[in-house]
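Quick notes on the structure that follows.
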Amino acid sequence: MKTLATLAGLMLSAALLCAQANRPNSALVQELVLANHILANEGVVDAYGHVSVRDPANPQHFLLASHMAAGTVTAADIVEYDLDSNPVRPNAPTGYTERFIHGEIYRARPDVTAIVHCHAPDLIPFGVTGIALRPVYHMGAFLGEGVPVFEIRDAGGVTDMLIRNSALGRALAQTLGDKPAALMRGHGAVVVASSLHVVVGRAYYMNLNARLQLQALQVGAPITYLEPEEARKAAPQDGYERSWALWKHQAEAKP
């Protein structure tokens, strides 16, 4: 009997260790929570919009919060998904309707490890007017690579504008191509990068660049955009680390 009890105990311990080993890295989860809070705090997302990160231990999985406002996300709300955008663990909380944005972009872009989807108001005009979003100052230099516009009607006809399935997610990923960002007509934008810090920086400065470009357009005079070579040279070399440190301090200072 003691032998059976000992064996059962060992099996239970092994199962617990295995479960713990398969859990997402806690430090990465905390970084993702912070990214949610920063994006909300800086006005890139509000009650809608989301940010994800690829699991470095399993590139076929990604981490994303459950269906909630980014500013309220905690570590307990982070869900692990496969690239079909299905939760890995049973009884996971309800996910975002548009989680397929993340799964299909990660599938199409092995170089991408973090994604932001937002509805920042200053970006919307550039998705509906035919006026290209272009870099007007050095912090938006990455936009010099070009920002395509996703037209959901080409992929799904008349819809409610949301990326509700893998087919629409694949179509969005195709429009994004190898670019750092894409606009979504009448909806918002998707931004990608090689890290959480960079994708948050890009999302923030993309929105700010759009605001500045709108102001310049209102002046009515010709706009001098960054030239392609200027844009390549002006891209931040520190991966937005100084910005991340400031945003982290501001987010953590809030009660």
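We did not get these values from a lab; they are worked out from the coordinates using the rules stated. Here the structure is a predicted model, which means the values were calculated and not measured. Here the Cβ positions follow ideal geometry from the backbone for every residue, glycine too, while neighbour counts run over all protein chains shown.
Can you give the helix-only mean residue ellipticity at 222 nm for the chain, where every DSSP H stretch with n ≥ 4 adds -39500 (n - 2.57) and the sum goes over all residues, rounded to the nearest 500 deg cm²/dmol?
Rounded to the nearest 500, it is -13500 deg cm²/dmol.
Relative contact order for segment 138-255 using alpha-carbon pairs under 8 Å, separation at least 6, rounded to a whole percent?
35
Specify which residue in the list ASN58, LEU34, ALA216 is farthest towards the positive end of the charge dipole of the chain, using unit charges on the beta carbon of Lys, Arg (+1) and Asp, Glu (-1), about the Cα centre.
Toward the positive end, the furthest listed residue is ASN58.
With the contact rule set at Cα under 8 Å and sequence spacing of 6 or more, what percent relative contact order holds for segment 21-176?
Computed over segment 21-176, the figure is 21 percent.
With a 10 Å Cβ neighbour count serving as the proxy for reagent exposure, in which order, fewest first, do HIS67, HIS50 appear?
HIS67, HIS50
If I take every Cα pair under 8 Å that is 6 or more residues apart in segment 91-161, average their sequence separation and divide by the length, what percent do I get for the relative contact order?
14
In whole Å, what is the distance between the alpha-carbon centres of segment 101-157 and segment 190-255?
If we compute the Cα centre of each part, the gap is 13 Å.
With the cut-off at 1.5 for a/c, could you classify segment 67-108 from its C-alpha gyration tensor as rounded, prolate or oblate?
Details: a/c = 2.17, a/b = 1.42, b/c = 1.53.
Here segment 67-108 falls in the oblate category.
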